[in-house]
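Everything on this sheet refers to the single structure shown next.
The values are calculated or read from the model by the stated rules, or taken from the named source; none is laboratory data. What you see is a predicted model, and the numbers here were worked out from it, not measured in a lab. Methodologically, a virtual Cβ is constructed for each residue, glycine included, from the backbone with ideal geometry; neighbour enumeration extends over all protein chains shown. Side chains included, ligands, DNA and RNA excluded: accessible areas come from the protein's heavy atoms. Shrake-Rupley method; radii C 1.70, N 1.55, O 1.52, S 1.80 Å.
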Amino acid sequence: MAGVLDTVNSRTRLVGENRLEILLFQLSGPQLFALNVFKIREVLTLPALTQMPQRHPHVAGVIHLRGQTIPVIDLSGAIGLQPIEAKRDSTIIVTEYNLSVQAFLVGSVDRIMNLNWDTVQPPPKGAGRAHYLTAITRLENMRLVEIIDVEKVLAEIVPFNTRVSEALLEDPLLSKAHGREVLLVDDSPTGINQLRDTLSQLQLTMHVATDGLKALRMLQAWADTGEDMNQRLLMVITDAEMPEMDGYRLTAEIRKDPRLKDLFVVLHTSLSGNFNKAMVEKVGCDGFLSKFQPDQLVETVRARLQLLEP
């Protein structure tokens, strides 16, 4: 598995090109699932597993890897499929989400697939609200690949905090956020809900788009009416990974449109900051935030309001 991941430099070549790489794998059956390669640290055989008392039912135990204690999550059981038993020859995918590291126990790893985001579609509407997918795509032989909503999985195991500290909310500058409009762009219902929970504490008016293409069309439609978009929107807060159009491409398209180019755009993502700094600089985002850090999100709103001060 040593060569399964590309280097940071090769990954950044995809920025602004609306492309991604996904790692295909199987869980307890033949169905193919996927995770974005950007979020994967390594793939390896399960090291010695330590079981912890009173652990979550979907946490198989913890491993000690390169000086870190990392929880191992049975991904199959966590999304409602047949659980996978942890064995000495089991495969794990070590990932980094929201500045935390965790490993997912999987059945087997298939391959890496390079594709365009416009070939990635939202889950079927008939899938209901309880599913664990952010998107689907197909291989050349039309075999279905399901991209897992890891944010939902993690939120059910360790709920994220969305409360803003009282001291921060007492800042008088934040009162100027009341009634201001923001556009939230995220394909994960978990991500949108957590943004709403945090920003509602500032009494902001929120618009939502579930992918970058929908967001771009929404912005263009507003601009077509002759509205001053910088007066209307305090900021755009966008996820990085989304079907149809990712957040990097969305930002690049905003910067190309004279009516939108001065919008304040913040990338809000669970991707590691190690390579997002280069990505943010390349496409022209005004800021980068790791999910889900409520105080940092509000600090970003505060910084934006400060820029608008005479």
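Can you spot a residue in the stretch 238-253 that is of a type in the set (Gly, Ala, Ser), part of a helix (DSSP H, G or I) and open to solvent by less than 10 Å² (accessible area, probe 1.4 Å)?
yes
Conditions tested, residue by residue: (1) of a type in the set (Phe, Trp, Tyr); (2) within 24 Å of Ser290 (Cα to Cα); (3) part of a strand (DSSP E or B).
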position	(1), (2), (3)
Ala60	no, no, yes
Ile63	no, no, yes
Pro71	no, yes, yes
Gln82	no, no, no
Ala86	no, no, no
Asp89	no, no, no
Thr95	no, yes, yes
Phe104	yes, yes, yes
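Which numbered condition trips up Met235, out of (1) in contact with a helix residue (DSSP H, G or I) (Cβ under 9 Å, 6 or more places away or on another chain); (2) open to solvent by 40 Å² or more (accessible area, probe 1.4 Å)?
So the condition that Met235 fails would be (2).
For the structure I just gave you, tell me whether Thr300 is open to solvent by less than 40 Å² (accessible area, probe 1.4 Å), among the polar types (S, T, N, Q) and either closer than 25 Å to Asn114 by Cβ or not in a helix (DSSP H, G or I) (or both).
No, not satisfied.
Would you check if Ile79 is open to solvent by less than 30 Å² (accessible area, probe 1.4 Å), closer than 22 Å to Leu144 by Cα, modelled with pLDDT of 90 or more and out of contact with any helix residue (DSSP H, G or I) (no Cβ under 6 Å at 6 or more places or on another chain)?
For Ile79, the condition - open to solvent by less than 30 Å² (accessible area, probe 1.4 Å), closer than 22 Å to Leu144 by Cα, modelled with pLDDT of 90 or more and out of contact with any helix residue (DSSP H, G or I) (no Cβ under 6 Å at 6 or more places or on another chain) - is met.
Consider the stretch 193-237. How many of its residues are of a type outside the set (A, V, I, L, M) and either assigned to a strand (DSSP E or B) or within 15 Å of the chain's Cα centre (by Cα) (or both)?
So the answer is 7.
Considering only residues that are more than 19 Å from His207 (Cβ to Cβ) and part of a loop (DSSP other than H, G, I, E, B), which ones fall in the stretch 165-187?
Listed by number, the residues that qualify are Ser165, Glu170, Asp171.
If I ask for residues that are modelled with pLDDT of 80 or more and open to solvent by less than 10 Å² (accessible area, probe 1.4 Å), which ones from the stretch 270-288 would you list?
none
Can you tell me which of Thr190, Thr162 is open to solvent by 10 Å² or more (accessible area, probe 1.4 Å), in contact with a helix residue (DSSP H, G or I) (Cβ under 6 Å, 6 or more places away or on another chain), on the phi < 0 side of the Ramachandran plot and not in a helix (DSSP H, G or I)?
Thr162
Would you check which residues across the stretch 19-71 are among the hydrophobic types (A, V, I, L, M, F, W, C) and over 29 Å from Asp246 (Cβ atoms) and list them?
Leu46, Ala48, Leu49, Met52, Val59, Ala60, Val62, Ile63, Leu65
Restricting to the stretch 165-187, name every residue that is among the aliphatic types (A, V, I, L, M) and surrounded by fewer than 18 Cβ atoms within 10 Å (Cβ to Cβ). Let's see the steps before the verdict.
The initial filter retains those residues of the stretch 165-187 that are among the aliphatic types (A, V, I, L, M), namely 167-169, 173-174, 177, 182-185.
Passing the criteria: Ala167, Leu168, Leu169, Leu173.
Has the stretch 140-147 got any residue that is touching a residue at least 12 places away in the same chain (Cβ under 8 Å), open to solvent by 30 Å² or more (accessible area, probe 1.4 Å) and aliphatic (A, V, I, L, M)?
Checking the stretch 140-147: at least one residue is touching a residue at least 12 places away in the same chain (Cβ under 8 Å), open to solvent by 30 Å² or more (accessible area, probe 1.4 Å) and aliphatic (A, V, I, L, M).
Of the residues that make up the stretch 119-126, is at least one among the polar types (S, T, N, Q) and touching a residue at least 60 places away in the same chain (Cβ under 8 Å)?
Yes, the conditions are met somewhere in the stretch 119-126.
Could you check the stretch 51-88 and list, in sequence order, the residues that are among the charged types (D, E, K, R), within 15 Å of Ser28 (Cα to Cα) and touching a strand residue (DSSP E or B) at 6+ places or on another chain (Cβ under 9 Å)?
Our first condition is that a residue be among the charged types (D, E, K, R); within the stretch 51-88, this holds for 55, 66, 74, 85, 87-88.
Those left that are additionally within 15 Å of Ser28 (Cα to Cα): 74, 85, 87.
Asp74, Glu85, listed by residue number.
All but one of (1) within 30 Å of Arg217 (Cα to Cα); (2) assigned to a loop (DSSP other than H, G, I, E, B) hold for Asn141; state the number of the condition that does not hold.
Single failed check for Asn141: (1).
Using the structure shown, decide if Ala223 is surrounded by fewer than 21 Cβ atoms within 10 Å (Cβ to Cβ), in contact (Cβ under 8 Å) with a residue 12 or more places away in the chain and closer than 21 Å to Lys256 by Cα.
yes
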